[in-house]
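The values are calculated or read from the model by the stated rules, or taken from the named source; none is laboratory data. Model, not experiment: these values are computed from the prediction. Please note: Cβ atoms are built from the backbone with ideal geometry, for glycine as well, and neighbour counts cover all protein chains shown. Please note that ligands, DNA and RNA were not included when accessible areas were found on the heavy atoms of the full protein model with its side chains. Shrake-Rupley method; radii C 1.70, N 1.55, O 1.52, S 1.80 Å.
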Amino acid sequence: MKNIRFMETVLRDGQQSQIATRMPFSDMLPILETMDHAGYHALEVWGGATFDSAIRFLNEDPWERLRMIRQHVKKTKLQMLLRGQNLLGYKHYADDVVTEFVHKSVENGIDIIRIFDALNDPRNLETAIKATKEAGGEAQAAISYTTSDFHTIPYFVQLAQELERLGADSIAIKDMAGVLTPNDAYALVSEIKAAVSVPLEVHTHATSGIAEMTYLKSVEAGADIIDTAISSFSGGTSQPSTESMAIALSDLGYNTNLDVTQLSKIAAHFNPVRDRFRKAGLLNPKVKDTEPRTLLYKVPGGMLSNLLNQLKEQGLEDRYQEVLEEVPNVRADLGFPPLVTPLSQMVGTQAVMNVISGERYKLVPKEIKEYVKGYYGRPPVPISDEIRHKIIGDDTDVITVRPADLIKPQMAQFRKEIGDYAHSTEDVLMYALFPEQAKDFLGRREDPFYDVPVQKVDVTIDLG
């Protein structure tokens, strides 16, 4: 009987995909020990947007949340998501910041760090992989899956082999848009398993309606681990249901190691949590919908919602279809980057600007210009001279070195800037990643009467 292990996402990606990571720790604490005894391979509890949301909206210390989870989860591995040289933010950090953040993540309780880069540029993963292993953690290198004429199975297999050479302890296929079809999943998993010796995990989203079939074919092809969400926060923009996949695979003769009785208790806990968010309006019914257009336009479900929100704010909802059709064009112009944070937001914004301005690349955000100059890494496909000229002109050099090589050490300066508000290295790292939010949070901790600016409620879906 073949073993297949499950990674539970409800405490990170499940709730990030459906309620924009607004779940407070008080909703997690009562069920943690039950989750620890359910038989999961790992629980995804940190990273992605959890850090930002904790300090911005929940007035919680993300480091303390991690330590508390670790206190109550003794048997099961704790996992987090890291954006390579971007850490949990949207720009590159110096190597000293990346190394310190990774070391502190492991020290505070993380076992597995899933490390990805929005461009699949291995250079942007090197420091984080090395630091994870130095700290005693498991470095899982993730392939950001996407589709184009360039993104072939041999390309992904070669990338997996390169990631293994960099020291990855396991490989993940990260299908953030839910566009990995069952047939392609079988072929991709088969080829990667034949080419590398480390375990392979498959991650997808249920947005397009094919995720369960994709998982089944992945398992048949030899995948070792799949990512699912407890039924309360499953489906739609999240992952397939843990219980349903466990029952189906067990019926097919696979050993899941999961205790269905414990899973039922976990669902019974999170069902009223889900209902509370639904009643409060923070769980939009649309995130539970199936969106087949994801397969047509290769746009993640969360990105579809973000585009619609941007147009609503400007009273231009009637231009939605035009923007949707422009997204693949912008992506092609920019070298077919995977649509994952931060590139998903950048490509979407550029598509909106192209449509509402009436002229392609008349308006270009700073981030797109930096991307074209090479400061995010190497695009999968070289950008044409014509597009580069439209965006940055002819007089600007494009860098070819690893972007982080141009960034001097930053930790000393961050320590100086945050001063006495920081009681620990963890506080300094909080400030390094999210300066304004950290100032507010640490200020409130020091002084109950600290004058905190009112935060605008942001419902943007972070696709990391």
Subject >> Tail weight of P(r) past 16 Å, computed on alpha-carbon pairs of region 33-112, percent >> reply: 53 percent
Original post:
What whole number of Å gives the distance from the Cα centroid of region 32-78 to the Cα centroid of region 174-215?
Top reply: 26 Å
Subject >> Within-9-Å neighbourhood charge of Lys91 [Cβ basis; K, R +1; D, E -1] >> reply: -2
Original post:
If you line up the Cα atoms of the chain on their principal axes, what length do they span on each, largest first, in Å?
Top reply: 63, 57, 47
Original post:
Could you give the longest part of the chain that holds none of the chymotrypsin sites (Phe, Trp or Tyr not before Pro) found in DSSP loops with at most 14 neighbouring Cβ atoms within 10 Å?
Top reply: 151-448
**OP:** May I ask for the net charge around Arg114, where only other residues with Cβ less than 12 Å from the Cβ of Arg114 are counted and Lys, Arg are +1 while Asp, Glu are -1?
**Re:** -4
Original post:
Relative contact order (percent) for the chain, with alpha-carbon contacts under 8 angstrom and 6 or more residues of separation?
Top reply: 18 percent
Subject >> Alpha-carbon Rg with Dmax, taken over region 299-400, Å >> reply: 13.3, 41
Original post:
How big is the charge dipole of the chain about its Cα centre, in debye rounded to the nearest 20, if each Lys and Arg gets +1 on its Cβ and each Asp and Glu gets -1 on its Cβ?
Top reply: 420 debye
Subject >> Debye, to nearest 20: dipole size of region 299-400, +1 on Lys, Arg Cβ, -1 on Asp, Glu Cβ >> reply: 220 debye
Subject >> Carbon/sulfur fraction of accessible area - region 299-400, other protein chains in place, 1.4 Å, % >> reply: 45 percent
**OP:** Loop only per DSSP, at most 14 neighbouring Cβ atoms within 10 Å: give me the trypsin sites (Lys or Arg not before Pro) in region 281-380, ordered by residue number.
**Re:** Lys362
**OP:** Specify which residue in the list Leu88, His41, Thr21 is farthest towards the positive end of the charge dipole of region 21-99, using unit charges on the beta carbon of Lys, Arg (+1) and Asp, Glu (-1), about the Cα centre.
**Re:** His41
